[in-house]
1. When only C-alpha pairs under 8 Å and at least 6 residues apart count, what is the relative contact order of chain A, in percent?
2. Among residues other than B:GLU77 whose Cβ falls under 12 Å from its Cβ, what is the net charge (Lys/Arg +1, Asp/Glu -1)?
3. Report Rg (one decimal) and Dmax (nearest whole number) for the stretch A:225-276, counting Cα atoms only, units Å.
4. Answer rounded, prolate or oblate for the stretch A:263-306, using the Cα gyration tensor with square roots of eigenvalues a ≥ b ≥ c: rounded when a/c is under 1.5, else prolate when a/b is larger than b/c, else oblate.
5. Round to the nearest 10 and give me the degree value, 0 to 90, for the angle of helix A:271-282's Cα axis relative to the longest principal axis of chain A.
6. Using the alpha-carbon atoms, what tilt in degrees (0 to 90, nearest 10) does helix A:56-73 show relative to the longest principal axis of chain A?
7. Round to a whole angstrom and tell me the spacing of the C-alpha centers of the stretch A:247-306 and the stretch A:171-243.
8. Once you charge only the Cβ atoms, +1 for Lys and Arg and -1 for Asp and Glu, what is the size of the charge dipole of chain B about its Cα centre, to the nearest 20 debye?
There are 2 protein chains.
Amino acid sequence: MTKPLIECVPNFSEGRSPDVIEAIVGPFRKRKGCALLDYRADEDHNRLVVSLVGAPGPIQEALLEAAKVAISHIDLERHQGGHPRIGAVDVIPFVPLQNMTMEECVELAHSFGRRYYEDTGVPVYFYEEAALRPERKRLEVIRKGQYEALKAEITKPERHPDVGEPKLHPSAGATVIGARKFLVAFNVNLGTNDVKVAKEIARTVRSSSGGLCHVKGIGLTLESRGLVQVSMNIVDFEKNGLYRVLVLIRMEARRWGVPVVETEVYGMVPAAALLDSASYYMQIAGFDANQVIELRLLQMLEENDT
Amino acid sequence: MTKPLIECVPNFSEGRSPDVIEAIVGPFRKRKGCALLDYRADEDHNRLVVSLVGAPGPIQEALLEAAKVAISHIDLERHQGGHPRIGAVDVIPFVPLQNMTMEECVELAHSFGRRYYEDTGVPVYFYEEAALRPERKRLEVIRKGQYEALKAEITKPERHPDVGEPKLHPSAGATVIGARKFLVAFNVNLGTNDVKVAKEIARTVRSSSGGLCHVKGIGLTLESRGLVQVSMNIVDFEKNGLYRVLVLIRMEARRWGVPVVETEVYGMVPAAALLDSASYYMQIAGFDANQVIELRLLQMLEENDT
């Protein structure tokens, strides 16, 4: 039996002070069983995005430690930045990776949210799959008007937090916690400088305008390269795999006589997303991820670790 | 820096006694840093094939232990089986997997071969990349006439071992040690019951009849399914990837009006072999294996392990 494994991508409202940023990520570096894959601070956004993978236990412990550091250093009363936010610890999504169902990840978000409030006094909203009110599935509904508006409106029943009293923490605001699927960032670059083509194809492929479910996308120009791009988030790569999205885009691009020049998989991606696409194109029957040496080794190392 | 990692596939001349088989694989199970991926005993062949992955140090220690068990239990004077063999421990190939060059694997084979002879008194022949005489690259040259013939001919200079006196161990014979690339077993099933088509296509694609280098292949019938198969070993998947072999086979199959029904990747495969094919079909630019969550985790666990 493989250990349960989750991804977690906490967002903190600090992207400018290197000392604070390092203090926040410290607990993620130190905690055994929690792997710090990446962290990126953006000065304009004044925001820190951390990418973690590990077992649910160690990740929760490290999150609580890091959250306390962030809460002690970040004051929303004085915070400014380009990215919407309501709290010092703004968003914490839990993502099931292996041996973990979405239901278990939702439970994890709920129990962590209660413990988080008890430990920090910061009220909690649940979003995406962990939402307790249907409209709160969407992060933008919870964050409407940001910290400044929520401070006044939190006393209204429709803006009450899911955990905690209906008032913000005086400096750390509130935190949104939830569960969602793994997002794959997938871009397709097209051999034309006519952005209309990318926009039209994005419209064809994305769910919001009636294309493939679980695909978000926009068309944009890559100035320096003289190309255009269909830039996408695949929200559920198990339901609509990368290969299916690409086959559809290649098909639509032919209508414009425009070639696919290249594609980009941006950031981290689960092995299954690529193995699944390889299996499609190569017609591999009955392929089992256990046949991949590295995945087998990982499983063995995880078992030894228990 | 990732640790060096090798595959090793030792073959032992015992496929019938469960007690002896378990005693031989015992050291592979117990040794930390050596992962026992698979072992298969064949009664007809009277042979045991073990698949290991790990760091060179632990694998060598476990091999010596397991070899001593095999040597103490297997008597070539009484051994019978369908598979060619010259020793109780018949063949030990080392395969570089990561952070290890072929040259380093050849050195490993040579130094292990010398130590093996010192510890066991069993003479050693080097084969494939580790061969010291060009004709010994080919295993079948070394094993010609098997144990029974070699016993008489080992005193001839052309059959002298590479390490040790020119006489066989009285019960354990001799052992062939070497270094080779990772073999990927890749089969393509074709929608016809005419085996001539599979044989013709195998001839087109394999190196021995002038096709792609590093590809071995035969055509055969899958009786129970009413299909035929091009059954291949890809001897160097970095030089001629699976996708290139498949594209060529699909192209040739069209000449016969025969469809590719499915393909099979048989047994273990390195992640790179499939990621490379996914990248080809999906035109992924600048893809880095470090973007794959599981490969990144494996690297981290290996680093912690050091």
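The values are calculated or read from the model by the stated rules, or taken from the named source; none is laboratory data. From a predicted model like this one, the values you see are computed outputs, not experimental measurements. Backbone-built Cβ (ideal geometry, glycine too); neighbour counts: all protein chains shown. Protein only, heavy atoms only, side chains kept; ligands, DNA and RNA dropped before computing areas. Shrake-Rupley method; radii C 1.70, N 1.55, O 1.52, S 1.80 Å.
1. Computed value for chain A: 15 percent relative contact order.
2. Surrounding charge for B:GLU77 is 0.
3. Values for the stretch A:225-276 (Cα only, Rg and Dmax): 12.1, 33 Å.
4. Oblate, because a/c is 1.5 or more while a/b does not exceed b/c.
5. 10
6. Between the helix axis and the principal axis of chain A, the angle is about 60 degrees.
7. Distance between centres, Cα-based: 18 Å.
8. 800
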